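Novice: Dumping the structure here so I can ask a few things about it.
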2 protein chains.
Amino acid sequence: MSEIIPHWLTKQAFLAPKQIAIETKEGDKITFLELNEKSEQFAKKLASSGVTNGAHVGIFSTNNVSMVIAIHALSYLGAVSVMLNTKLTKEELHYQISDGKVRTVLACDSLGPSIRQMNFPVDVKTFTDIDKQQESEVTLLQEINLDDAFTIIYTSGTTGFPKGVVHTFGNHWWSATGSALNLGLRAEDKWLAALPIFHVSGLSIFIRSAIYGMPVYLLEKFDEKNVHEAIMYREVTIVSIVTVMLQRLINLLEEGGNRYPPSFRCMLLGGGPAPEPLLEKAKKRNIPVFQSYGMTETASQIVTLSPEDALNKIGSAGKPLFPAQLKINSQNNDQVGEILVKGPMVTKGYFNNSDATKKAVANGWLATGDLGYVDQSGFLYVVDRRKDLIISGGENIYPSEIESVLSGMDEVKEVGVVGKNDDTWGKVPVAFIVGNSTLTEEACIAYAANYLAKYKLPKQIYFIDKLPRNASNKLVRASLLELLS
Amino acid sequence: MSEIIPHWLTKQAFLAPKQIAIETKEGDKITFLELNEKSEQFAKKLASSGVTNGAHVGIFSTNNVSMVIAIHALSYLGAVSVMLNTKLTKEELHYQISDGKVRTVLACDSLGPSIRQMNFPVDVKTFTDIDKQQESEVTLLQEINLDDAFTIIYTSGTTGFPKGVVHTFGNHWWSATGSALNLGLRAEDKWLAALPIFHVSGLSIFIRSAIYGMPVYLLEKFDEKNVHEAIMYREVTIVSIVTVMLQRLINLLEEGGNRYPPSFRCMLLGGGPAPEPLLEKAKKRNIPVFQSYGMTETASQIVTLSPEDALNKIGSAGKPLFPAQLKINSQNNDQVGEILVKGPMVTKGYFNNSDATKKAVANGWLATGDLGYVDQSGFLYVVDRRKDLIISGGENIYPSEIESVLSGMDEVKEVGVVGKNDDTWGKVPVAFIVGNSTLTEEACIAYAANYLAKYKLPKQIYFIDKLPRNASNKLVRASLLELLS
């Protein structure tokens, strides 16, 4: 049955009013009581601007306190936050806004002008615009039904258009409690958020904060010096990062010849597997790295490896969190097959896309599209990401999306995209093109930039005579990778 | 919607196979893997003895590891454990077994003969009887549906017969996670269980253990020396106790002139309010006392007061746990009225007793029958326990139950029972009787002993001419109390 709990932010403000909810590098601090009051005020102002229960409201913002307030505020109205990636192009944003039935977009002040310029058929308001409104007398929700939708975050798939992953309050609740059962919960915990809040990895930190009563140390973006500083001198105990950042943090530690304070207890590592030499380096520096595996559909990590096992289970993502289950779609779990996961943190489906939902979720089991196996002790090894997924600095890039864009050029006959190893980003996309001899690399990239976020643009274009294809005429990306080596 | 999670014991055995699940004073230790294996084996043997999915199986046992195994084993079969209080009389047990539709009773070896002698129309098996069985090839449940029934525990009410509180797996899950969000969760935690496991206060410790991956230090019964020893020398970090025990523990500390180790972090105090001088004493000795309020229907504590607030909120039970809500049935929360609670740890109702359920639960709110108020900061003060409830050494005693029994004596015309203050037990029941002059105290108590557990027998009988009654001819217990003072 549907479980009802008190609204998590109201509850935390009641239990621990003076506890710090968010602090920033600049020294700003906001308590749970203040965060609650500001969120409720903002909700009443949003109501004055016409946002109602059930509305889908886009959030287009860099990491900042106002963004967190806006997301909580929408939950008080029973409206759904559609988290927009600020790196996307106009085309990409247009698709998500339209598919997600977004009627209003809330933008941080610095990004307001740019999204207004895009002329979407939506009401664009900056946080400051809303702040200037009167508070309406709307009744705010003081209870949460865990089955209700809270956020929608778009994720690209192997084929077709991006899909809007619907997260219920329950998905976030179970993710937060599942993480606490794994990592423990200490009164002195402080979680650093440097990942974008428009990704579930960043967003989930603020939900944990409300549920645990735990301060978040908020950075506008990842900057290794600021992260290093926060761990060394600001009592941060837990950090969520992606592999590319770990390397830079280790460099800083090595330069200084020092170690993190013993109170620092968890470097939660997501966004692709960490290379063994990097883990060895981390171990030498006593950095407690928890490797993890998750995706938007699982509301953040669903499989995590503790530091004790990090080096004797090199390459493993760990075991599924307490409320989660995992199996491999193969004859035996120890043979490679598609990874399936199940649990109350897993999305019930994609917004307004029952076909995609049916394809991905059956009997509660989500087919991740990733390939992997489980060893005798139950540790998961991810062998291959979702059909050729390129993870570049923590962002997911699907080759098919880039191929589809480049195919739109008149001079292009065929195109294949793969991820090339890169010291800084892990992987970067590169494209193989069969096309007219007049075609230049610059022209291709300029064209693609009209449609694709910068991080998705191929870093290199190779012109070839013919793409490698198998008997069924399907592109063989593995052969393209061989051309690179 | 119904949430499905992996079976909690199987899951913990998978995540932390070598972690200690239970240790005893005698030095016996059992890991989660062993506990899981033994429980699954026991389940298969129970299946051989005819226990099937949905069966109601009585548990009649002192605190011991086999009892915990039996309870887990029943959950693997989808059978429901009906927890029987071993202090009850034959009459009382008969009622619960019959009302609870119990067909099989599992008894610890020492209590097997006594319950067999009672000749109930049920199949009585000792744990050893079951152990001798072959394992059947039954399929064990490897998933838990949180909406399914897990245990039934009888509780007496203000009127009528005891009622079977049904706890779903979800009630226990939410209670455990709600407690963790309040107390935190540390890898070094070890919870001492000295309260009877047939009460929800004792049982819930073992559910938390399975969910947290936390060792329980199990005592067969409360003995202050053993508890003291466990805190001082066995790395116990959390203890659940009732008020009467706290006094004895403080005495032991004072005798030794020492303090608990700093790793000891929580003395969770239930079963009635603690007197101020006792709290002062505890504070002087740096004992971190967490006062709490709860009942069988709430699957253990639902309101808890942290030590920081213990002395400036003397008499308060604290604030409702994170997933719980509380309100007072009066004009304002700060006026005395009946305490209502709501949350996913609260029972959905009584077994086979929709009348009692309807009376107690409306729209998810449970009417506790207790009176209280909430101060401006949201702290609950319990003013009066469920209509004259007598809490004696942590056991609940309802005056109406004793009155009903004594009324059955031919020589008794009228009877009124109240709780008298007692240095050792907090309260003890005493009876006021209007009856024939031939009646003696001994005869009354001997008669009552046929029907009532020993702890419910009046400690004193006062013979009087007339009971105090109000205009509606209802007994005024407050006036009886005045006669005692």
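The values are calculated or read from the model by the stated rules, or taken from the named source; none is laboratory data. Given the structure is predicted, the values throughout are model-derived calculations rather than measurements. Here the Cβ is made from the backbone with ideal geometry for all residues, glycine too, and neighbour counts use every protein chain on show.
Novice: For region A:284-376, please list each of the strands (runs of 3 or more DSSP E) lying entirely inside it that holds at least 1 residues being without any contact (Cβ under 8 Å) to a residue 40 or more places away in the chain and under 25 Å from A:K163 (Cα atoms).
Specialist: Here the list reads A:289-295, A:325-329, A:337-342, A:365-374.
Novice: Then there's this: Give, as residue ranges, the helices (runs of 4 or more DSSP H) completely inside region B:1-86 that count at least 2 residues that are in contact with a helix residue (DSSP H, G or I) (Cβ under 7 Å, 6 or more places away or on another chain) and among the small types (G, A, S).
Specialist: B:32-48, B:65-77
Novice: Consider B:K163 against the criteria (1) closer than 21 Å to B:G271 by Cβ; (2) assigned by TED's automatic domain parsing to the domain that holds B:I302; (3) buried (at least 21 other Cβ atoms within 10 Å of the Cβ): it satisfies all of them except one. Which criterion is unmet?
Specialist: B:K163 satisfies every listed condition except (2).
Novice: Another question, then. Which residue, of A:L192, A:L203, is away from chain B (no Cβ under 14 Å), part of a strand (DSSP E or B) and of a type in the set (A, V, I, L, M)?
Specialist: A:L192
Novice: Right, something else. Cβ-Cβ under 7 Å, sequence separation 6+ or interchain: first residue in region B:1-28 and more than 26 Å from A:L326 (Cβ to Cβ), partner among the aromatic types (F, W, Y). Which pairs?
Specialist: Here the result reads B:E23/B:Y217, each pair linking region B:1-28 to a residue that is among the aromatic types (F, W, Y).
Novice: Given the residues B:A210, B:A180, B:A187, B:A176, which is the only one that is within 14 Å of chain A (Cβ to nearest Cβ) and either among the basic types (K, R) or in a loop (DSSP other than H, G, I, E, B) (or both)?
Specialist: Matching residue, one of B:A210, B:A180, B:A187, B:A176: B:A187.
Novice: Can I ask one more? Restricting region A:123-143 to residues that are of a type in the set (S, T, N, Q) and touching a helix residue (DSSP H, G or I) at 6+ places or on another chain (Cβ under 9 Å), which is nearest to the other protein chains (Cβ to nearest Cβ)?
Specialist: Among residues in region A:123-143 that are of a type in the set (S, T, N, Q) and touching a helix residue (DSSP H, G or I) at 6+ places or on another chain (Cβ under 9 Å), the one nearest to the other protein chains (Cβ to nearest Cβ) is A:Q142.
Novice: Among the numbered conditions (1) surrounded by 15 or more Cβ atoms within 10 Å (Cβ to Cβ); (2) out of contact with any helix residue (DSSP H, G or I) (no Cβ under 7 Å at 6 or more places or on another chain); (3) of a type outside the set (S, T, Y); (4) more than 30 Å from A:F322 (Cα to Cα), tell me where B:F120 comes up short.
Specialist: Only one criterion in (1) surrounded by 15 or more Cβ atoms within 10 Å (Cβ to Cβ); (2) out of contact with any helix residue (DSSP H, G or I) (no Cβ under 7 Å at 6 or more places or on another chain); (3) of a type outside the set (S, T, Y); (4) more than 30 Å from A:F322 (Cα to Cα) is unmet by B:F120, namely (2).
Novice: Could you grab me the full set of residues in region B:305-337 that are more than 14 Å from every other protein chain (Cβ to nearest Cβ) and surrounded by fewer than 17 Cβ atoms within 10 Å (Cβ to Cβ)?
Specialist: Those that are more than 14 Å from every other protein chain (Cβ to nearest Cβ) and surrounded by fewer than 17 Cβ atoms within 10 Å (Cβ to Cβ): B:L311, B:N312, B:I314, B:G315, B:N329, B:S330, B:Q331, B:N332, B:D334, B:Q335, B:V336.
Novice: Within 14 Å of chain A (Cβ to nearest Cβ), among the aliphatic types (A, V, I, L, M) and out of contact with any helix residue (DSSP H, G or I) (no Cβ under 6 Å at 6 or more places or on another chain): which single residue out of B:I241, B:I302 fits that description?
Specialist: Checking each option against the conditions leaves just B:I302.
To keep it simple, each residue is scored yes or no on (1) under 18 Å from B:T126 (Cβ atoms); (2) of a type outside the set (F, W, Y).
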| site | (1), (2) |
| --- | --- |
| B:W8 | no, no |
| B:I30 | no, yes |
| B:T52 | no, yes |
| B:I59 | yes, yes |
| B:H72 | yes, yes |
| B:G78 | no, yes |
| B:S98 | no, yes |
| B:C108 | yes, yes |
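Novice: For B:G369, state whether it is at pLDDT 85 or above, more than 18 Å from B:A299 (Cα to Cα) and either in contact with a helix residue (DSSP H, G or I) (Cβ under 9 Å, 6 or more places away or on another chain) or in the same structural domain as B:K456 (by TED's automatic domain parsing) (or both).
Specialist: No.
Novice: Further, regarding this structure: Please tell me if A:D109 is over 30 Å from A:V303 (Cα atoms) and surrounded by fewer than 16 Cβ atoms within 10 Å (Cβ to Cβ).
Specialist: Working: over 30 Å from A:V303 (Cα atoms): yes; surrounded by fewer than 16 Cβ atoms within 10 Å (Cβ to Cβ): yes.
The answer is yes for A:D109.
Novice: From the list B:Y462, B:Y447, B:Y381, B:Y455, which residue is out of contact with any helix residue (DSSP H, G or I) (no Cβ under 6 Å at 6 or more places or on another chain) and under 26 Å from B:I328 (Cα atoms)?
Specialist: B:Y381
Novice: Now for a different question. Quick check: anything in region B:144-151 assigned to a loop (DSSP other than H, G, I, E, B), surrounded by fewer than 20 Cβ atoms within 10 Å (Cβ to Cβ) and more than 12 Å from chain A (Cβ to nearest Cβ)?
Specialist: Among the residues of region B:144-151, not one is assigned to a loop (DSSP other than H, G, I, E, B), surrounded by fewer than 20 Cβ atoms within 10 Å (Cβ to Cβ) and more than 12 Å from chain A (Cβ to nearest Cβ), which makes the answer no.
Novice: Identify the residue in region A:226-271 that is of a type in the set (S, T, N, Q) and in a helix (DSSP H, G or I) and, among all such residues, is nearest to A:L192 (Cα to Cα).
Specialist: If we take residues in region A:226-271 being of a type in the set (S, T, N, Q) and in a helix (DSSP H, G or I), then A:N226 is nearest to A:L192 (Cα to Cα).
Novice: Acidic (D, E) and under 22 Å from A:L183 (Cα atoms): which single residue out of B:E220, B:E188 fits that description?
Specialist: Only one candidate qualifies: B:E188.
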